[in-house]
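The structure appears right after this line, and notes come after that.
Readers should treat all values here as calculations from the given coordinates under stated rules, not as data from a laboratory. Quick caveat: nothing in here was measured; it's all calculated off a predicted structure. A quick note on method: Cβ atoms are made from the backbone with ideal geometry, for glycine too, and the neighbour counts reach across all protein chains shown.
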Amino acid sequence: MRYEEPVFRPPSEAYSLIIQATIGCSWNKCTFCGMYKMKKFRVRDLEEVKEDFRIAKKLYHNVDRVFLADGNALVADTDYLLEIANYANSLFKLERISCYANPTDLLEKSKDELIKLRKAGIKLLYVGIESGDDEILRKIRKGVSSEEIYEACQKAHECGFELSVTVLTGIGGRERMKENALNTAKLLNRIQPKYTGVLTYIPVPNTALYVKIKRGEFELPNAIENLLELRMLIENLEAKTIFRCNHASNYLPIKGNMPEDKVKLLKAIEYALAHPELLKPEWLRGL
């Protein structure tokens, strides 16, 4: 396979065929993210993408899932994505096609376009929410408000997509821990995503937020404070969602189905707060 490194994918796409439909991220302005800083965004040539699928067909006999990289493949022209989806389905018996999507990608496409993409087999969209707090969203240059995020996700649901969203503890710093937890829970309760992934913010060199931390303009919550923020988020989370907080960045790996496992998750946090030696050390955390 041909890839323009680095290539990122969600943990749940570990066994999927990864094909780069786009290179980089069309937004690429978030202050905390360094994933695509080394890439200039572009949509790949359609024939190149099809050739990658043909190469995969020769290499792999059983492909049931395809993940379209890079950062937000959904931004590409709808006809282009339909051509890719239909070609992939002609080669493999696919369970699903998935990709990253920015909220603006969903807002800018019409419902008719989104329904066509869903019918073509693109079933799951990964949306980075980061926070439900408008002040944090503004500071990290997310480019959308919490209301616009809700509208984008609601539109996706209405068009038949499943959503896997990610949020970040610590992204508001010590200053807005409470606001991040409460407003993020509030937004998740409105969206009702099928999957919710909670990551813990880790500073990335050569990003704007990293520079602020080095200058002393942004204070990171420590491990205990992060756990308190996570507890507040879960206490206020009422959405019916498959909840995962077991990423490499998290101090305490926990998971469950909400809301039925809320008590179990909160008990795990309380135990960890009483026994901080159980928390993942900094040297074991990663992106």
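For the stretch 71-82, indicate whether the set of residues that are exposed (fewer than 14 other Cβ atoms within 10 Å of the Cβ) and not charged (D, E, K, R) is non-empty. No, every residue in the stretch 71-82 fails to be exposed (fewer than 14 other Cβ atoms within 10 Å of the Cβ) and not charged (D, E, K, R).
State all residues of the stretch 1-33 that are in a loop (DSSP other than H, G, I, E, B) and under 25 Å from GLY172 (Cα atoms); if no residue qualifies, say none. PHE8, ARG9, PRO10, CYS25, SER26, TRP27, ASN28, LYS29, CYS30, THR31, PHE32, CYS33, listed by residue number.
Looking only at the stretch 112-149, residues that are surrounded by 18 or more Cβ atoms within 10 Å (Cβ to Cβ), over 17 Å from VAL75 (Cα atoms), out of contact with any Phe, Trp or Tyr (no Cβ under 7 Å at 6 or more places or on another chain) and of a type outside the set (D, E, K, R) come to 5 in all.
Among the conditions (1) among the polar types (S, T, N, Q); (2) within 26 Å of the chain's Cα centre (by Cα); (3) part of a loop (DSSP other than H, G, I, E, B), ASN89 misses just one, which is (3).
The set of residues in the stretch 146-174 being small (Gly, Ala, Ser), within 16 Å of THR184 (Cβ to Cβ) and assigned to a loop (DSSP other than H, G, I, E, B) consists of GLY170, GLY172, GLY173. Checked against (1) among the charged types (D, E, K, R); (2) touching an Asp or Glu at 6+ places or on another chain (Cβ under 8 Å); (3) part of a strand (DSSP E or B), ARG244 passes all but a single condition, namely (2). Set side by side, the residues LEU220, LEU265, LEU233, LEU187 differ, and just one is outside any strand (DSSP E or B), touching a helix residue (DSSP H, G or I) at 6+ places or on another chain (Cβ under 6 Å) and closer than 14 Å to GLY170 by Cα, which is LEU233. Against the list (1) of a type in the set (Val, Ile, Thr); (2) crowded, with 19+ Cβ neighbours inside 10 Å; (3) free of Cβ contacts under 8 Å to residues at least 24 places away in the same chain, the condition ILE234 fails is (3). Checked against (1) in contact (Cβ under 8 Å) with a residue 40 or more places away in the chain; (2) part of a loop (DSSP other than H, G, I, E, B), CYS99 passes all but condition (2). Remark: THR200 falls outside the filter, which requires a residue to be under 16 Å from LYS262 (Cβ atoms), buried (at least 21 other Cβ atoms within 10 Å of the Cβ) and either free of Cβ contacts under 8 Å to residues at least 60 places away in the same chain or among the polar types (S, T, N, Q) (or both).
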